[in-house]
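Q: I have a structure here, written as structure tokens, and I will follow up with some questions on it.
The values are calculated or read from the model by the stated rules, or taken from the named source; none is laboratory data. Because the structure is a prediction, the values reported are computed rather than measured. Using ideal geometry, Cβ is built from the backbone for each residue, glycine included, and neighbour counts are taken over all protein chains shown.
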There are 2 protein chains.
Amino acid sequence: MQHFKHTDLYNFTYNVFRKIGCPNNDAELAAEVLLKADLRGVDSHGVARLTGYVRLWEKKRINVKPAIQIVHETPSTAVIDGDEGLGLVVAPFAMKVAMEKASSAGTGWVSVRNSNHFGIAGYHAMMGLEKDMIGLAMTNASPLVAPTFATERLLGTNPIAVAIPANQQPPFVADFATTTVANGKLEILQRKQEKAPLGWVQNAQGQPSENPGELSEGGALLPLGSDRVHGSHKGYCLGSIVDIFSAIFSGANYGPWVPPFVSFLPLVKDPVGEGIGHFLGAMRVDAFRPADEFKKHMDQWIQRFRSADTVDHQEKVQIPGDPEREMESIRSKEGIPILEPVVKDLRGLAEKFSIPFIK
Amino acid sequence: MQHFKHTDLYNFTYNVFRKIGCPNNDAELAAEVLLKADLRGVDSHGVARLTGYVRLWEKKRINVKPAIQIVHETPSTAVIDGDEGLGLVVAPFAMKVAMEKASSAGTGWVSVRNSNHFGIAGYHAMMGLEKDMIGLAMTNASPLVAPTFATERLLGTNPIAVAIPANQQPPFVADFATTTVANGKLEILQRKQEKAPLGWVQNAQGQPSENPGELSEGGALLPLGSDRVHGSHKGYCLGSIVDIFSAIFSGANYGPWVPPFVSFLPLVKDPVGEGIGHFLGAMRVDAFRPADEFKKHMDQWIQRFRSADTVDHQEKVQIPGDPEREMESIRSKEGIPILEPVVKDLRGLAEKFSIPFIK
């Protein structure tokens with residue numbers, strides 16, 4: 001495991017996006033969004049995916065000079081066509097539209113079609129915090145999840161992020177897949193050759209499994225709740241709502257029709273829409289209540305939860321966003337650890353595009 | 001277990017609400033919302049709670065002639081003060097405001113303070129379906145749930161309902177507590193003297209428990225996900241978001257300060273707001289896309305999921321709302337089964353208010 005400085009990884013990533021043809025501003029933004037994942041400890045969504053984006057570009061599934069446009073709108077809503085652009089660029093564009101709507105109408109809600117993987121949902125949700133706006137971000141994704149009772153993979157890990165400003169306290173930032181675990185955790189177990197806990201995956205026949213490689217053998221991730229007795233139908237509801245808001249509002253593909261992120265899987269033959277879909281929301285806090293009152297009560301909420309009595313007095317109750325913020329603070333100073341296979345991939349990109357790799 | 005006709009239970013419930021002083025329209029609405037729970041099979045939220053509302057009224061914690069008013073608004077948002085009215089009446093008022101906002105601004109979002117238990121969230125979310133609106137309804141509730149790692153009860157079961165219209169297919173109606181199970185399921189196990197599955201509750205020390213009576217001994221319900229390994233921090237996030245949107249937007253009580261529904265528990269001494277809070281939302285489908293296109297794709301989504309391959313080909317994949325709709329169809333014809341203790345409670349109300357009980 002090598003450690004890299006954030007700025008070095010950022011510059012390298014920026015150079016790769018420039019080399020595939022992204023305009024300067026887009027390359028900066030895409031690199032920023034991707035690196036935010038590494039900084040916050042969501043390693044599966046950071047530079048580890050850079051080669052994946054490049055491969056999609058090679059397959060002509062990413063348009064590096066998209067004409068992103070609003071195709072429909074009302075005072076508080078819009079639908080955006082991402083023109084096959086990088087989700088890393090399309091989603092912040094859409095979030096800005098949501099925030100403009102919120103400025104005038106109190107809230108703004110934007111559904112996006114014809115996009116691609118948008119990185120970590122939390123980045124987009126957090127965009128409104130400085131303006132005292134609550135941000136929401138969701139996206140659908142490659143089908144890997146079986147609804148309760150199903151053996152088929154019909155939903156993606158369909159994450160939801162919600163960022164809420166406070167005053168003295170850091171913001172509340174929830175950002176989670178609507179499955180028991182994100183796919184990245186299975187990949188880590190596979191690498192370590194360890195078993196997965198029961199309740200994370202099922203095999204191709206829909207039976208409980210401890211094999212972290214089950215996805216490559218026709219198995220599926222399980223919705224949050226794991227099984228019917230523990231509420232997996234609720235996780236399935238959440239993933240479905242994300243799918244519908246992201247894709248049926250906008251005209252993107254949904255359910256099993258969502259195009260895979262990995263370039264080696266073929267696109268479905270009978271698409272029901274264009275690309276993948278996102279849903280972004282912004283709510284001005286003072287559309288409900290003076291911002292200082294709201295944030296004062298958020299401080300009180302956060303303090304009360306953080307100081308709750310805990311099991312064995314060992315673990316503290318964490319506020320959503322705490323672990324990622326602590327990680328960001330550490331990695332900003334100490335650098336970002338990158339696994340050997342990922343370093344190798346990045347070196348490959350350096351060669352491919354004749355750009356210097358990080359010294 | 002006796003069976004009662006829906007209309008008989010409705011008329012009786014209406015009479016009780018009239019007797020405690022509700023105006024005619026409010027008594028009709030409150031009875032309709034309450035009975036909707038019984039029809040849809042959510043027995044814990046129907047007439048079984050009628051005595052609970054009456055006891056709150058006796059404690060002067062419900063104002064039967066509330067002056068419900070909008071205290072703040074923007075084109076797409078409003079905050080409503082429920083004036084200590086029945087949640088069964090305050091929430092539909094708020095949902096109507098959300099729908100009016102949606103008519104003009106595309107979407108409408110209403111946070112409510114100074115209210116009470118609002119019955120099933122699904123009733124309110126479904127109000128917009130006929131107008132091709134998606135409805136959302138959430139509420140906070142008496143603290144019974146321990147966040148991940150905590151031994152204290154800081155959140156309610158904080159349900160989320162989302163209703164989405166389709167065309168040929170019945171609507172998608174998700175309505176679920178953000179816990180592994182709703183409290184009602186524990187009460188059923190207690191009555192049957194059966195154990196609870198692990199992952200539903202913890203004891204007062206925060207240890208796993210199979211005792212369905214754990215709540216009366218200082219234990220707590222668990223957030224959806226059950227434990228940290230299976231994603232309980234995600235259920236805790238969801239419950240927290242419901243709490244914040246319902247109460248910190250509006251100025252209601254939140255977290256451990258939410259007043260208990262049961263009248264025998266005292267109110268907290270240092271309230272941070274007024275009453276309990278709700279959050280209602282309405283989104284016009286055609287604020288995003290022509291309604292017929294949207295609904296055609298919802299039909300396709302629903303059909304694809306409903307026809308998915310299943311484990312052992314036994315259970316079918318259910319669409320959110322399927323079980324409740326089937327129950328409503330059966331109970332509308334065959335009557336509503338009411339448990340003996342509830343029948344006894346209702347007879348008690350008949351005596352108290354000198355109204356005839358159902359023959």
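Q: Any residue at all in the range B:50-66 that is buried (at least 24 other Cβ atoms within 10 Å of the Cβ), within 14 Å of chain A (Cβ to nearest Cβ) and either out of contact with any strand residue (DSSP E or B) (no Cβ under 7 Å at 6 or more places or on another chain) or of a type in the set (F, W, Y) (or both)?
A: Checking the range B:50-66: not a single residue is buried (at least 24 other Cβ atoms within 10 Å of the Cβ), within 14 Å of chain A (Cβ to nearest Cβ) and either out of contact with any strand residue (DSSP E or B) (no Cβ under 7 Å at 6 or more places or on another chain) or of a type in the set (F, W, Y) (or both).
Q: While we're here: Residues that are modelled with pLDDT of 95 or more and touching a Phe, Trp or Tyr at 6+ places or on another chain (Cβ under 6 Å): does the range A:186-204 have at least one?
A: No, the range A:186-204 contains no residue that is modelled with pLDDT of 95 or more and touching a Phe, Trp or Tyr at 6+ places or on another chain (Cβ under 6 Å).
Q: Within the range B:106-133, track down each residue that is surrounded by 23 or more Cβ atoms within 10 Å (Cβ to Cβ), of a type in the set (D, E, K, R) and away from every other protein chain (no Cβ under 13 Å).
A: Residues satisfying the conditions do not exist here.
Q: Go over the candidates A:G273, A:G239, A:G235 one by one and state the one that is at pLDDT 95 or above, assigned by TED's automatic domain parsing to the domain that holds A:V90, in a helix (DSSP H, G or I) and touching a Gly at 6+ places or on another chain (Cβ under 6 Å). Working first, answer last.
A: Working: A:G273 fails: in a helix (DSSP H, G or I); A:G239 fails: touching a Gly at 6+ places or on another chain (Cβ under 6 Å).
Within the list A:G273, A:G239, A:G235, the selection yields A:G235.
Q: Return yes when A:G255 is facing chain B (nearest Cβ under 7 Å) and modelled with pLDDT of 95 or more and no when it is not.
A: Working: facing chain B (nearest Cβ under 7 Å): yes; modelled with pLDDT of 95 or more: yes.
Yes.
Q: Among the residues of the range A:34-48, write down those that are at pLDDT below 95, buried (at least 21 other Cβ atoms within 10 Å of the Cβ) and in a helix (DSSP H, G or I).
A: Result: A:H45, A:A48.
Q: Same structure again: I need the full set of residues from the range B:208-232 which are of a type in the set (G, A, S) and not in a helix (DSSP H, G or I), in order please. Please lay out each step first, then the result.
A: Our first condition is that a residue be of a type in the set (G, A, S); within the range B:208-232, this holds for B:209, B:213, B:216, B:218-220, B:225-226, B:231-232.
Hits for the range B:208-232 are B:S209, B:G213, B:G218, B:G219, B:A220, B:G225, B:S226, B:G231.
Q: What are the residue pairs meeting all of these: first residue in the range B:315-341, first residue free of Cβ contacts under 8 Å to residues at least 12 places away in the same chain, second residue in a loop (DSSP other than H, G, I, E, B) and surrounded by 14 or more Cβ atoms within 10 Å (Cβ to Cβ), Cβ atoms under 6 Å, and 6 or more apart or on different chains?
A: Pairs found: B:E315/A:F149.
Q: Inspect all residues belonging to the range B:230-252 and state whether any of them is among the charged types (D, E, K, R), touching a residue at least 60 places away in the same chain (Cβ under 8 Å) and surrounded by 24 or more Cβ atoms within 10 Å (Cβ to Cβ). First the steps, then the outcome.
A: Initial filter on the range B:230-252 (among the charged types (D, E, K, R)): B:234, B:243.
Checking the rest, the ones that are also touching a residue at least 60 places away in the same chain (Cβ under 8 Å) come to B:243.
Now narrow it down to the ones that are surrounded by 24 or more Cβ atoms within 10 Å (Cβ to Cβ): B:243.
Yes, there is a match, as at least one residue in the range B:230-252 is among the charged types (D, E, K, R), touching a residue at least 60 places away in the same chain (Cβ under 8 Å) and surrounded by 24 or more Cβ atoms within 10 Å (Cβ to Cβ).
Q: Which residue is nearest to the chain's Cα centre (by Cα), if the candidates are limited to the range B:303-318 and must be at the interface with another protein chain (Cβ under 7 Å from one of its Cβ atoms) and in a helix (DSSP H, G or I)?
A: Ranking the candidates gives B:F305 first.
Q: Being part of a strand (DSSP E or B) and over 25 Å from A:I248 (Cβ atoms) is the requirement here; does B:R113 meet it?
A: Details: part of a strand (DSSP E or B): yes; over 25 Å from A:I248 (Cβ atoms): yes.
So B:R113 passes the test.
Q: Would the range A:75-85 turn up any residue that is hydroxyl-bearing (S, T, Y) and surrounded by fewer than 23 Cβ atoms within 10 Å (Cβ to Cβ)?
A: If we filter the range A:75-85 for residues that are hydroxyl-bearing (S, T, Y), which is where we start, we get A:76-77.
Those left that are additionally surrounded by fewer than 23 Cβ atoms within 10 Å (Cβ to Cβ): none.
No, every residue in the range A:75-85 fails to be hydroxyl-bearing (S, T, Y) and surrounded by fewer than 23 Cβ atoms within 10 Å (Cβ to Cβ).
Q: Then there's this: Being more than 13 Å from chain B (Cβ to nearest Cβ), assigned to a helix (DSSP H, G or I) and of a type in the set (K, R), is that true of even one residue in the range A:87-105?
A: Yes.
Q: Pull up the range A:272-302, narrow it to residues that are away from every other protein chain (no Cβ under 12 Å) and not charged (D, E, K, R), then point me to the one that is farthest from A:Y254 (Cα to Cα).
A: Narrowing the range A:272-302 to residues away from every other protein chain (no Cβ under 12 Å): A:274-276, A:278, A:280, A:292.
So of that shortlist, the ones also not charged (D, E, K, R) come out as A:275-276, A:278, A:280.
Working: A:G275: 9, A:I276: 7, A:H278: 11, A:L280: 17 Å.
Looking at residues that are away from every other protein chain (no Cβ under 12 Å) and not charged (D, E, K, R), I get A:L280.
Q: OK, next. Confirm whether B:I160 is under 14 Å from B:M283 (Cβ atoms), touching a helix residue (DSSP H, G or I) at 6+ places or on another chain (Cβ under 8 Å), in contact (Cβ under 8 Å) with a residue 40 or more places away in the chain and hydrophobic (A, V, I, L, M, F, W, C). Let's see the steps before the verdict.
A: On the way: under 14 Å from B:M283 (Cβ atoms): no; touching a helix residue (DSSP H, G or I) at 6+ places or on another chain (Cβ under 8 Å): yes; in contact (Cβ under 8 Å) with a residue 40 or more places away in the chain: yes; hydrophobic (A, V, I, L, M, F, W, C): yes.
Considered against the rule, which asks whether it is under 14 Å from B:M283 (Cβ atoms), touching a helix residue (DSSP H, G or I) at 6+ places or on another chain (Cβ under 8 Å), in contact (Cβ under 8 Å) with a residue 40 or more places away in the chain and hydrophobic (A, V, I, L, M, F, W, C), B:I160 comes out as no.
Q: Go through the range A:134-186 and give me each residue that's more than 9 Å from chain B (Cβ to nearest Cβ), of a type in the set (G, A, S), under 15 Å from A:V42 (Cα atoms) and part of a loop (DSSP other than H, G, I, E, B).
A: Correct list: A:A182 only.
Q: Hey, does the range A:196-219 have a residue that's facing chain B (nearest Cβ under 8 Å) and out of contact with any helix residue (DSSP H, G or I) (no Cβ under 8 Å at 6 or more places or on another chain)?
A: no
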